[in-house]
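Right, one structure below, let's go through it.
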Amino acid sequence: MPTGVHLRDARQQLFAAAERVLLRDGPDALTSRAVTDEAGCAKGVLHRHFSDFDAFLTDLVLDRAAQLETQASALRESAGIGTVADNLTTALVTLFGPVPVAIIPLITFRDELRARLRQARPGGGIAILAQVATAISDYLADERELGRIAADADLDSLTLSLVGGGHLLFADRDPGPPATATVNKLVTTVLADVVQRRPR
């Protein structure tokens with residue numbers, strides 16, 4: 001393995017390498033050596049940019065969680081357009097993409113990573129899942145304001161049902177992500193009693 005490879009944007013290249021290892025081999029295979037081997041650089045490159053491997057993983061998770069903000073904005077911009085169920089289906093398929101779904105068990109199984117993320121995000125919640133929940137909740141609030149969801153709808157319960165159900169659907173990665181129709185069925189069922197059915 002070459003040791004003198006210069007990485008122009010070392011952090012992002014290391015993050016990308018970590019993603020590839022995670023998606024290909026799972027969270028158990030994600031070690032500093034696996035990441036640097038995948039990136040084609042010396043192991044010391046990682047430690048030049050991060051104090052230790054858990055610091056690297058913390059920054060990786062926070063970086064990927066921040067990327068979900070763009071998708072969350074797109075969901076909010078869809079309020080009032082199309083159908084609520086279709087908008088949420090598209091959002092869940094996007095927000096629970098392969099990388100976010102692979103990161104969640106990594107957080108679950110690494111105590112030190114969870115501790116560091118709690119320090120970085122004192123508001124609570126598991127990174128990634130917290131971003132998805134906020135995106136869904138904000139969107140539902142927008143649709144309620146527009147009158148497309150019942151005024152007395154319990155948004156917290158709806159959000160938990162959509163995020164929890166969505167995560168369960170996407171976490172079973174064999175043989176692949178669920179069909180869009182399966183996600184839409186979940187969304188439609190959760191929203192059945194609160195979506196205003198009158199034409200808009």
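Observations, loosely collected:
- Complete set of residues in the stretch 17-49 that are under 23 Å from the mean Cα position of the chain (by Cα), on the phi < 0 side of the Ramachandran plot and outside any helix (DSSP H, G or I): 30, 31
- Among the residues of the stretch 179-197, just one is assigned to a loop (DSSP other than H, G, I, E, B), crowded, with 16+ Cβ neighbours inside 10 Å and modelled with pLDDT of 90 or more, namely 194.
- Test for residue 119: is it in contact (Cβ under 8 Å) with a residue 40 or more places away in the chain and either surrounded by fewer than 19 Cβ atoms within 10 Å (Cβ to Cβ) or closer than 30 Å to residue 55 by Cα (or both): no
- Test: residue 25 is farther than 30 Å from residue 142 by Cα, open to solvent by less than 40 Å² (accessible area, probe 1.4 Å) and of a type in the set (Asp, Glu): no
- In this structure, residue 165 qualifies as open to solvent by less than 60 Å² (accessible area, probe 1.4 Å), over 15 Å from residue 87 (Cβ atoms) and in a helix (DSSP H, G or I).
- Among the residues of the stretch 15-30, those identified as free of Cβ contacts under 8 Å to residues at least 60 places away in the same chain and closer than 20 Å to residue 62 by Cβ are 15, 16, 17, 18, 20, 21.
- Residue pairs meeting the criteria (Cβ under 7 Å; at least 6 apart or on separate chains; first within 25 Å of residue 26 (Cα to Cα), in the stretch 168-191; second at pLDDT below 95 and open to solvent by 90 Å² or more (accessible area, probe 1.4 Å)): 170/177
- Just one of (1) modelled with pLDDT under 95; (2) surrounded by fewer than 20 Cβ atoms within 10 Å (Cβ to Cβ) fails for residue 30. It is (2).
- Residues of the stretch 65-86 that are within 21 Å of residue 99 (Cβ to Cβ) and either open to solvent by less than 20 Å² (accessible area, probe 1.4 Å) or touching a Gly at 6+ places or on another chain (Cβ under 7 Å) (or both): 65, 68, 72, 75.
- Condition check for residue 106 on (1) over 21 Å from residue 133 (Cβ atoms); (2) modelled with pLDDT under 95: one failure, at (1).
- Residue match in the stretch 69-83 (condition: free of Cβ contacts under 8 Å to residues at least 60 places away in the same chain, part of a helix (DSSP H, G or I) and touching a Lys or Arg at 6+ places or on another chain (Cβ under 8 Å)): no
The values are calculated or read from the model by the stated rules, or taken from the named source; none is laboratory data. The structure presented is a predicted model; accordingly, all values stated were derived computationally and were not measured. We place every Cβ from the backbone using ideal geometry, glycine too, and count neighbours over all the protein chains shown. Keep in mind that these areas ignore ligands, DNA and RNA; they rest on the heavy atoms of the full protein, side chains included. Shrake-Rupley method; radii C 1.70, N 1.55, O 1.52, S 1.80 Å.
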